[in-house]
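The values are calculated or read from the model by the stated rules, or taken from the named source; none is laboratory data. Quantities reported herein were computed from a predicted structural model and do not represent experimental measurements. Every residue, glycine as well, gets a Cβ built from its backbone with ideal geometry; the counts of neighbours run over all protein chains shown.
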Amino acid sequence: MTEVAPLSPSQPEPAALVSCMRDEGMFILEWVAFHQVIGFDRIVICSNDCSDGSDTLLDRLQAAGVLTHLRHRVPPGGRPQDQGLALAFRHLHGTDAEWLCHLDADEFLNIGHGAGRVADLLAVAGKGDVIALPWRLFGDSGHHRWPGATLPHFLRCESAPDPDTISHKSIYRFRRFQAATDHMPIRPLIDHPVVRNAAGFALHSGTVMDGHHIRFHPADRVWRPRLAVINHYAIRSTDCFALRERRGRGWHADQGGKYALEGHWHRRANRNEGSNRSILRHWPATRHRMAALRALPGVAAAEAACVAWFEAARANLTVLQPLTGVI
């Protein structure tokens, strides 16, 4: 078995990145490479019911020691992310990981502290149990067709969030909780879990007690974009967004309608009034890492199959016919 050399561990308390993916093969290498560059020690990806070949790509990366790939099937009415996170919890309990962060394939953790690595964030805000991470919504930047990568091409974003609607995710000491949703841990095993923002200041901890919440309080105290934020590329290009409706939602496999062009979510998330380039300081290292991953046995061919699937699927979407010939 040929293996890619792991990046050096970045912090004394290892951090794991978890994602639940379906038909995300075209985006996987950039996402994996970037988050390795910023210092996640382990990556666990739970795939379900893939049709684009991304499960094969993940198998190739697992064979090379890059990540752990956990396959699972979602029953009718099931929640893919809840099921995938439960699998990841069980797997990570057998490792040395202390911290866990769940991000989707369209989310990139952008850290402003120090060199922009996970260790820098934990050094400032890691004295508690949970660190709240706000979303920053990035729009399509005028791209109707997929330009080939996310980070260098999608730089337009919301200038500031609405405290009443902003969503958050988190990085947390997962062994201190019974379970987690895609946004935060729940049902703590300790009496008083400490939640902090990226600056290290305390937040209310009630949201991690139970239920399915998407924001911490007070919301305005979480917003620290220069310190840590999740760049949420929920739209990418028009063709990418249109194909998401076919894939279904990660929170609930049977809920459709969210990804309609010009629908509520598209209008809310397609924010282009501001711009932010800060994440590009990691782009040279990310691009170099992507090249190393593609050189592994079977990886480039598996990724090419995912791209071919995307192109064929795009050609069959009638909603995109007016985009013929548009860049």
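Overview of results
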read-out: Which numbered condition R90 fails, given (1) of a type outside the set (V, I, T); (2) within 27 Å of R236 (Cβ to Cβ); (3) surrounded by fewer than 18 Cβ atoms within 10 Å (Cβ to Cβ); value: (2)
read-out: Matching option when the condition is under 17 Å from the mean Cα position of the chain (by Cα) and either without any contact (Cβ under 8 Å) to a residue 24 or more places away in the chain or more than 20 Å from A16 (Cβ to Cβ) (or both), among L137, L103; value: L137
read-out: Candidate set: region 129-164, residues that are out of contact with any helix residue (DSSP H, G or I) (no Cβ under 7 Å at 6 or more places or on another chain) and hydrophobic (A, V, I, L, M, F, W, C); chosen: the one surrounded by the fewest Cβ atoms within 10 Å (Cβ to Cβ); value: A160
read-out: Selection count, region 28-58, where residues are hydrophobic (A, V, I, L, M, F, W, C), more than 20 Å from V118 (Cβ to Cβ) and surrounded by 23 or more Cβ atoms within 10 Å (Cβ to Cβ); value: 3
read-out: Residue list for region 152-181, filter: of a type in the set (A, V, I, L, M, F, W, C), in contact with a His (Cβ under 8 Å, 6 or more places away or on another chain) and in a loop (DSSP other than H, G, I, E, B); value: F154
read-out: Region 188-208, residues that are part of a loop (DSSP other than H, G, I, E, B), over 24 Å from G112 (Cβ atoms) and either free of Cβ contacts under 8 Å to residues at least 24 places away in the same chain or basic (K, R) (or both); value: L189, D191, H192
read-out: Leading residue by the ranking (surrounded by the most Cβ atoms within 10 Å (Cβ to Cβ)) among those in region 195-216 that are out of contact with any Ser or Thr (no Cβ under 7 Å at 6 or more places or on another chain) and more than 22 Å from N110 (Cα to Cα); value: V208
read-out: Flag for H113 being of a type outside the set (A, V, I, L, M) and under 13 Å from the mean Cα position of the chain (by Cα); value: no
read-out: Flag if R79 is closer than 22 Å to V299 by Cβ, out of contact with any Ser or Thr (no Cβ under 7 Å at 6 or more places or on another chain) and surrounded by 18 or more Cβ atoms within 10 Å (Cβ to Cβ); value: no
read-out: Some residue of region 14-27 being out of contact with any Cys (no Cβ under 7 Å at 6 or more places or on another chain), assigned to a loop (DSSP other than H, G, I, E, B) and at pLDDT below 95; value: no
read-out: Region 130-151, residues that are assigned to a loop (DSSP other than H, G, I, E, B) and touching a Lys or Arg at 6+ places or on another chain (Cβ under 8 Å); value: G139, D140, S141, G142, H143, W146, T150
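One line per residue, one yes/no per condition, for (1) in contact (Cβ under 8 Å) with a residue 60 or more places away in the chain; (2) more than 20 Å from P75 (Cα to Cα); (3) not hydroxyl-bearing (S, T, Y):
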| position | (1), (2), (3) |
| --- | --- |
| S19 | yes, no, no |
| M26 | yes, yes, yes |
| L29 | yes, yes, yes |
| V32 | yes, yes, yes |
| G39 | yes, yes, yes |
| D52 | yes, no, yes |
